[in-house]
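Engineer: Questions regarding the structure given below will be posed in turn.
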Amino acid sequence: MTLDHDRLKKSWALVADHGDQVPLFFYSTLFLHNPHLRDMFPVSMADQRDKLVAALGNVISGVDQLDAVVPVLQQLGRDHRKFAVVRDHYPAVGHALVATLEHFSGPEWTPELAHDWVTAYGIVADVMIGAAEAAADQPPWWELTVTDVERRAVDIAVLRVVPHQPLAYVAGQSIAVEVPQRPRLWRYLTPAGAPGADGGFELHVRVVAGGVVSTAIVQGTRAGDVWRAGAPVGTQLTLAPGPGPDLVMLAGGTGLAPMKALLAPIEADGRSVLWSSDTGPTQRLWEIANRTPGLSALAIDTSFNNSLQPIADISLHLTPRTLVQELEKLERKVPILLHHLKPPCIDEIRREIKELRNPDLSYLEQGRIYDF
Ligand SMILES: Cc1cc2nc3c(=O)[nH]c(=O)nc-3n(C[C@H](O)[C@H](O)[C@H](O)COP(=O)(O)OP(=O)(O)OC[C@H]3O[C@@H](n4cnc5c(N)ncnc54)[C@H](O)[C@@H]3O)c2cc1C
Ligand code: HEM
């Protein structure tokens, strides 16, 4: 019997319509029959119950594109080693999934559909298990000691961590971490720069409003804390080795971190770089701009205009006025293009820039093609 992919997709769409009830049923079934698995999952699962279940439904019902998803599944399988998942755990998850699908499918559930789900789950599980077992020479997770914590602003911390074993990542990749203050809640962070001689690297963390882990990291991390990290992941922000086309780098807030990491590989290859950033902690922006080889222009999002100077000062943002005062920290002369996202203030910022009469400063006009 072959797999009917359309039937699988329709079946998942029907079940997913039941919303939060689906993960609730799945986890109740899983933990009722396999209480030993409970400890692998976060203590409170109220707000993220559907991470695994949504993935199971989407990934497995999309298995007709197997070739396209194999690398992703392999990475997922290897990544599951950080949750201490092994081959023996897969049947329990498969059974709970099928029981959940049967429960919510009602009269649509047929032996043929059951066969499709079991087969598709088996295919996905085999790829994940195979990749995880093939990576047995790598540690399932890495331990990192926090050696330095610097609060850059009320809501931002820059931390330095040193892995106990070599942890090789490519600039632009991210790493899932688990911190002792929030066990089993893994979150991705992005190394900001190449590793030092001791293998240590910087992480920039910004509090997300109501965020369980980011708040704990920024407010609660102390030097000496030991974290866990998964294998580095991601290919979307990494650069192919060797010379390449000119770059436009766009970053806001802690998004500066991967951009900073990317400076090392482009250091020697002579391409031109246009930096665009919001003006978070500005000292950092100048340092990066001064180090960027081939910098051709800087585009900066000024979140505040001059009339909001006090708020800008408290939140460490630049206004056009302070930007001009800070420009001496930029060791090279490049065009600076300011822009602003909120329409009511754009005219005001344009006017303020004009009044400053600085030839290097202008407003970044939407739709205009620049040639640097
Ligand atoms: C590939 C990748 C790389 C990342 N790199 C970094 C990094 O270098 N530095 C860093 O500080 N963060 C980074 N993040 C974000 C980080 O992983 C967490 O998502 C973030 O810290 C929030 O986690 P939390 O537990 O505090 O929030 P949660 O408790 O999970 O969420 C609280 C609320 O905030 C919302 N929320 C969650 N994440 C975000 C977000 N990023 N922006 C806005 N709202 C959000 C949720 O929907 C929820 O409503 C990265 C994320 C990814 C996917
Ligand atoms: C085909 C099989 C599986 C698929 C497709 C799958 C997929 C996923 C995905 C995509 C995530 C989210 C990862 C992230 O946010 O970084 C996840 C999380 C997780 N998975 Fe799996 N998984 C599978 C099997 C298993 C098995 C067998 C176990 C072991 C019991 C397991 C345990 C976990 C745990 C503990 C988490 C973290 C949950 C959380 O943070 O809420 N998974 N899985």
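Each reported figure results from applying straightforward, stated rules to the coordinates on display, with no laboratory input. All values derive from a computational prediction rather than experimental measurement. Every residue, glycine among them, receives a Cβ derived from its backbone with ideal geometry; neighbour counts consider all protein chains shown.
Engineer: Would you mind checking the radius of gyration and Dmax of the stretch 145-228 based on alpha-carbon positions, in Å?
Structural biologist: Rg then Dmax for the stretch 145-228, in Å: 12.0, 36.
Engineer: Are there DSSP H segments in the chain that both extend 30 Å or more along their axis (alpha-carbon positions) and score a mean Kyte-Doolittle hydropathy of at least 0.0? List them, or say none.
Structural biologist: Span-like helices, by this rule, are 111-134.
Engineer: If each residue of separation counts as 0.36 nm, what is the full-extension length gain between Asp39 and Val86 once their alpha-carbon separation is subtracted?
Structural biologist: So the chain would gain 15.5 nm between Asp39 and Val86.
Engineer: Report the FRET efficiency, 1/(1 + (r/R0)^6), for His164 and Asn358, where r is their Cβ-Cβ distance and R0 is 35 Å, rounded to 0.05.
Structural biologist: 0.10
Engineer: For the chain, just the Cα set please: Rg and Dmax, both in angstrom.
Structural biologist: Reported Rg and Dmax, both Å: 24.7, 76.
Engineer: Another one. Among residues other than Pro195 whose Cβ falls under 12 Å from its Cβ, what is the net charge (Lys/Arg +1, Asp/Glu -1)?
Structural biologist: -1
Engineer: Where a Cα-Cα gap under 16 Å defines reach, which lysines qualify for Lys260, not counting those fewer than 8 residues away within the same chain?
Structural biologist: Hits, sequence-local ones excluded: zero.
Engineer: Taking neighbour Cβ counts within 10 Å as the exposure measure, how do His340, His36 sort from fewest upward?
Structural biologist: Working: His340 21, His36 9.
Ranking His340, His36 by Cβ neighbours within 10 Å, fewest first, gives His36, His340.
Engineer: Residue separation times 0.36 nm, minus the C-alpha to C-alpha distance between Asp4 and Asp347: what's the value?
Structural biologist: Details: separation 343, 0.36 × 343 = 123.48 nm, distance 5.79 nm.
Length gained between Asp4 and Asp347: 117.7 nm.
Engineer: If packing is taken as the average number of other Cβ atoms within 10 Å across a peptide's residues, how do 354-361, 225-232 rank, most packed first? Please list the in-between numbers first.
Structural biologist: Working: 354-361: 12.4, 225-232: 19.2.
The packing order, highest mean first, is 225-232, 354-361.
Engineer: Suppose R0 equals 56 Å. What FRET efficiency, 1/(1 + (r/R0)^6) with r the Cβ-Cβ distance, do Ala264 and Thr110 give to the nearest 0.05?
Structural biologist: About 0.50, to the nearest 0.05.
Engineer: Roughly how many nanometres apart are two label points built 7 Å out from the Cα toward the Cβ at Arg368 and Ala136?
Structural biologist: The modelled label-to-label distance comes out at 6.3 nm.
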